[in-house]
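The next block holds one structure in the form of structure tokens; read it before the comments.
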Amino acid sequence: MLCSLIRKMCTTSTTSLQDTSSLQKTTSTYFNKAFNNMTASSPILSTISPPSSPAMSIESDFEDHDETTTIEQPRKIKVMIIDDNSVNLTILSRLLNKHFADTIQLTSVQNSGLAALDQLTKDEVDLILMDIDMPILSGVETTTAIRNNDSHSEHSILQQNMNVPIIAVTTSDAEEQRELYRQVGMADCVSKPIAIPKLRMAIEEAMKTVSTNG
């Protein structure tokens, strides 16, 4: 009887395994058939394939970063200052460097009209800040020499410098004196001690007709 019971258990286990295998085959067949029907009715699904790994493109990567944007900045205004007082020259130089560093390049500092005229035969400038009360050649006389191309030296003043804007920077700022400055060809007059807003306005007005783009 024990042998009979063992044979029955083995038969039952074999049948169960066969049933399980049969169920798996049936399920697999069902899903395959369903998927085939879906892909047959949908062209989009039939073309789906696993995404491939993105390929690294050295050329495209460098192309994205190779282009550099260059913004051309306007050239700074080249300024000459003329004053026979060394203290005034120092104060004016520091003032320009502190308050006008973004627009002005101080290229020449001269302590007399004669020295300025000689320098103007060699280097071009865009603007002159001129003291008036100077020995030998006053600011008015120096301006007249510039406009008339009289360099008081062996060489002529550069053509560019003959028409350079000149701003008087002086304590001699009465109205009749200002009129004299205009007559000899000065663009404006700024009083000493210098007020930054007035100097800025005078420079902007004087440079309106002068190109600073080099």
- Query: Can you list residues whose amide H is under 5 Å from Val169's amide H, if they're 5+ apart or on another chain and H is modeled 1.01 Å from N?
  - Reply: Met130, Asp131, Ile132, Val190
- Note on the structure: Distance in nm between Gln183 and Lys122 label points, each 7 Å along Cα→Cβ, equals 3.5
- Message: List residues of segment 105-123, by number, whose backbone nitrogen lies under 19 Å from a label position 7 Å along Cα→C-beta of Asn97.
- Response: 105-111
- Message: Once you place label points 7 Å from the Cα toward the Cβ at Glu176 and Arg75, how far apart are they in nm?
- Response: 4.2
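None of the figures in this text is laboratory data; all of them are computed from the coordinates on show. Bear in mind the structure is a predicted one, so any value in this text is a computation, not a measurement. Here the Cβ is made from the backbone with ideal geometry for all residues, glycine too, and neighbour counts use every protein chain on show.
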